[in-house]
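The values are calculated or read from the model by the stated rules, or taken from the named source; none is laboratory data. Please read these numbers as outputs of a predicted model, since none were measured by experiment. Cβ: placed from backbone, ideal geometry, glycine included. Neighbour counts: every protein chain shown. These area figures cover heavy atoms from the full protein model, side chains too; ligands, DNA and RNA do not enter into them. Shrake-Rupley method; radii C 1.70, N 1.55, O 1.52, S 1.80 Å.
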Amino acid sequence: DNNITRHSFDVVVIGAGGAGLRAAIEARLAGKKTAIISKSLFGKAHTVMAEGGAAAAMGNVNSNDNWQVHYRDTIRGGKFLNNYRMAELHAKEAPDRIWELETYGALFDRTKDGKISQRNFGGHEYPRLAHVGDRTGLELIRTLQQKIVSLQQDDFREFGDYDARLAVFAETTITELILDDGKIAGAFGYRREDGEFLLFEAPAVILATGGVGKSFKVTSNSWEYTGDGHALAMRAGANLVNMEFLQFHPTGMVWPLSVKGLLVTESVRGDGGVLRNSEGKRFMFDYIPEVFKAQYATTEEEGDRWYTDPDNNKRPPELLPRDEVARAINSEVKAGRGTEHGGVFLDVSTRMKPEEIIKRLPSMHHQFKELADVDITKVPMEVGPTCHYVMGGVEVDPDSAESAVPGLFAAGEVSGGMHGSNRLGGNSLSDLLVFGKRAGEYAALHVDRLADARPVVSQEALDAAVAKALAPLVDDPSDGENPYTVQYELQDIMHSLVGIIRRAEELEDALVKIAEFKKRLANVRVGGGRKYNPGWHLAIDLHNMLLCSEAVAKAALERTESRGGHTRDDHGKMDPSWRKVNLVCSYADNGVALRRQPVPTMPHELLSLFERSELAKYLTDEEIAAFDSNGS
Ligand code: FAD
């Protein structure tokens, strides 16, 4: 039956990764009745899979580190396209957010003198990633869940009900946001197990749904990452920004086929692992781009010295930002210098003692042993690029994390702007803590400001949400399209036509195919009813996958330059005039409307954290002239 279970909350958080949990804790601490909803099991989210660590300029390992250096690295990594205010808040607040986790019960690895230890990572000038071996995300989620349980214990003591002000709805998928006169009024979805419909009435919704990687064939992302939050936001009237920028992590497993794309953490390189082609050459030295020449070693000897004496040597180019390393690997494989399975070699076996490898990289050792029968203490790994992270996401106000829709907030990977055209490793875990907290805080404030004037869910909106969810379900699906076929073909198209290297004709072709998929999607049919029916779930998710794919392809076609996670074969150079442009996607006519919008201008005091010579590599002549006159 179509009965709908109704719940009423102040704040509804969609997503139980780091951003969602941190946001929910903050909203609850502000006294708001808060729900956390997650599509998968509680505790299973990408955040758990994060291995390397969380970037925060605590200066524990190298006291030269501070927020200004972190800010500079983040902006460099994003090739100056980042929302400057988000990057500023992130660099300033990340250390407090990490520290606070220890007050919740986290325990990070320690330096000899008992401080939180920090490790090197690509694009970070100093050792900066707070970590717990290579299982940092697990500790982060464990700690946030522990904090949630402790808050629920408090509520039990006060109200006799654990869920009084903080309730968890796991294995529940939100399919629609409900508006009242343009403002958030609630969220609608179903329980995956039995297909029961649920309505969450709430004047504030925080999207914390993570990424879009499942639309690509080779990806480190798992099944949930169908871009739901991105699509929900667009359909509700919010904007997405930077959707052309996707991060292909340089090192995913390339075989066996069943785990192709599974991540090999960047810590392997941060801790001394090197990349070699089939001729045994450390090829990264051939791929240091002009803008990074000043910061990277040009010889193997210098690169190797850096691990023990970082103050007097430059870092090896294996630690360039991810977009550079991914492109270099792609080029080596294309040039015929790849491995048997179409990757390159990543070697720690000749660089560290076996005991050290097992201590520092326990998950990687286990992963290769179990899945590929490879002992990484003895032989190199084979690795290649894998679709990993979407820089693009919901356009938000940097301070409040609120979108263009009143009452709709976004934090973590689903939000956009913070990372510009490319995210540095480790900056995601810190991002989701900083902006998760802010989203929770400002969502609570939004509820306070509304007082009694809460938006209302209309029966009409609810009926429409139910009808849409039920549309693909039929008794006999034999005349319709199979959702798995459409998904498989979409992943194939996105991988081959909108992947790591792009060109106009291919992107145009992809958009034609996406339009065809949309027509086919209207005819997707699934039998078997609403009780645990993954085919039905996928039929619903496909709408989101297609909308996000269209946004990525449209923005990628429009941006006729190469920058960060967007590489155009036909426009190979970075163009300073494009640095001033954000591409913004909104929802129109069951599809994506694209427009150009200026990138917010970085104020002089932040610009002047950079050398003028470095700014000249990114800014237009007029901007440099303005910078000079401002400083005089
Ligand atoms: P996630 O942790 O992705 O959580 C999303 C949540 O939303 C899930 O609970 C999901 O079930 C839920 N959800 C989605 N759609 C719906 C819906 N429709 N209804 C209800 N719930 C929904 N970053 C780093 O900084 N350092 C690292 O070392 C690092 N390593 C990584 C390793 C791997 C293998 C991967 C995949 C990523 C890694 N990243 C790392 C990136 C980082 O983990 C993610 O970007 C980050 O965890 C995203 O967090 P989040 O809170 O935004 O969302």
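Taking all protein chains together and a probe of 1.4 Å, list Lys518, Lys33 from the most accessible to the least accessible.
Details: Lys518 55, Lys33 75 Å².
Largest accessible area first, the residues go Lys33, Lys518.
Net charge of the neighbourhood of Tyr389, taken over other residues with C-beta under 14 Å away and scored Lys/Arg +1, Asp/Glu -1, is -3.
If you take every residue apart from Glu558 with its C-beta less than 9 Å away from the C-beta of Glu558, what net charge results, scoring Lys and Arg +1 and Asp and Glu -1? Write out the running numbers ahead of the final one.
Details: positive: Lys554, Arg559, Arg596; negative: Glu244.
Result for the local shell: +2.
Rounded to the nearest 500, the 222 nm mean residue ellipticity of the chain from helices alone is -12000 deg cm²/dmol, with -39,500 (n - 2.57) taken per DSSP H run of at least 4 residues.
What does the charge dipole of the stretch 150-267 about its Cα centre add up to, to the nearest 20 debye, if the Cβ of each Lys and Arg holds +1 and the Cβ of each Asp and Glu holds -1? Working shown, then result.
On the way: 9 positive and 17 negative charges, 137 e Å.
Taking the Cα centre of the stretch 150-267 as origin, the dipole is about 660 debye.
Whenever you get a sec, compute what percent of the accessible area on the stretch 252-327 sits on carbon and sulfur atoms (1.4 Å probe).
Details: 1480 of 2980 Å².
With neighbouring chains kept in place, the figure for the stretch 252-327 is 50 percent.
When only the Cβ of Lys, Arg, Asp and Glu is charged (+1, +1, -1, -1), the dipole of the stretch 329-480 relative to its Cα centre reaches about 800 debye.
Rounded if a/c is under 1.5, else prolate if a/b is larger than b/c, else oblate: which is the stretch 255-372, with a ≥ b ≥ c the root eigenvalues of its Cα gyration tensor? All intermediate terms of the calculation are to be shown ahead of the outcome.
Details: a/c = 2.03, a/b = 1.21, b/c = 1.67.
Oblate, because a/c is 1.5 or more while a/b does not exceed b/c.
A 1.4 Å probe run over the stretch 393-451, with the rest of the protein chains in place, finds 21 Å² accessible per residue.
Rolling a 1.4 Å probe over the protein heavy atoms gives the stretch 495-632 an accessible area of 44 Å² per residue. Taking label points 7 Å from Cα along the Cα-to-Cβ direction, Asn3 and Leu257 give a separation of 4.7 nm. Of the residues Val498, His388, Phe216, the one whose Cα sits farthest towards the positive end of the charge dipole of the chain is His388 (charges of +1 on Lys and Arg Cβ, -1 on Asp and Glu Cβ, taken about the Cα centre).
Classify the chain as rounded, prolate or oblate from the Cα gyration tensor: take a ≥ b ≥ c as the square roots of its eigenvalues, call it rounded if a/c is under 1.5, otherwise prolate when a/b beats b/c and oblate if not. Present the calculation step by step, with values, prior to reporting the outcome.
Details: a/c = 1.44, a/b = 1.33, b/c = 1.08.
Rounded shape, in that the Cα axes give a/c under 1.5.
How big is the dipole moment of the stretch 485-547 about its Cα centre under a simple scheme where the beta carbon of each Lys and Arg is +1, that of each Asp and Glu is -1, and everything else is neutral? Debye, nearest 20, please.
The dipole of the stretch 485-547 has a size of about 420 debye.
Label positions at Ser629 and His341, each projected 7 Å from the Cα along the C-beta direction, are separated by 5.9 nm.
Spatially, the stretch 305-358 and the stretch 6-46 are offset by 39 Å when compared through their Cα centroids.
Assuming a ≥ b ≥ c are the square roots of the Cα gyration tensor eigenvalues, decide whether the stretch 311-377 counts as rounded (a/c under 1.5), prolate (otherwise, with a/b larger than b/c) or oblate. Since a/c reaches 1.5 but b/c is at least a/b, the shape of the stretch 311-377 is classed as oblate.
The heavy atoms of Ser478 present about 90 square angstrom of accessible area, all protein chains included, probe 1.4 Å.
When each of the peptides 194-203, 135-144, 105-114 is scored by the mean number of other C-beta atoms lying within 10 Å of its residues, the order from highest to lowest reads 135-144, 194-203, 105-114. Protein heavy-atom surface of the stretch 47-88, 1.4 angstrom probe: 37% of the accessible area is carbon and sulfur, with nucleic acids and ligands not counted. Counted by Cβ distance under 14 Å from Thr265, the other residues give a net charge of 0, where Lys and Arg count +1 and Asp and Glu count -1.
Compute the distance in nm between two label points, each set 7 Å from the Cα along the Cα-to-Cβ direction, one at Asp113 and one at Lys378. Calculated label separation equals 4.2 nm. Between Glu611 and Asp569, the FRET efficiency estimated from the beta carbon spacing at R0 = 35 angstrom works out to 0.65.
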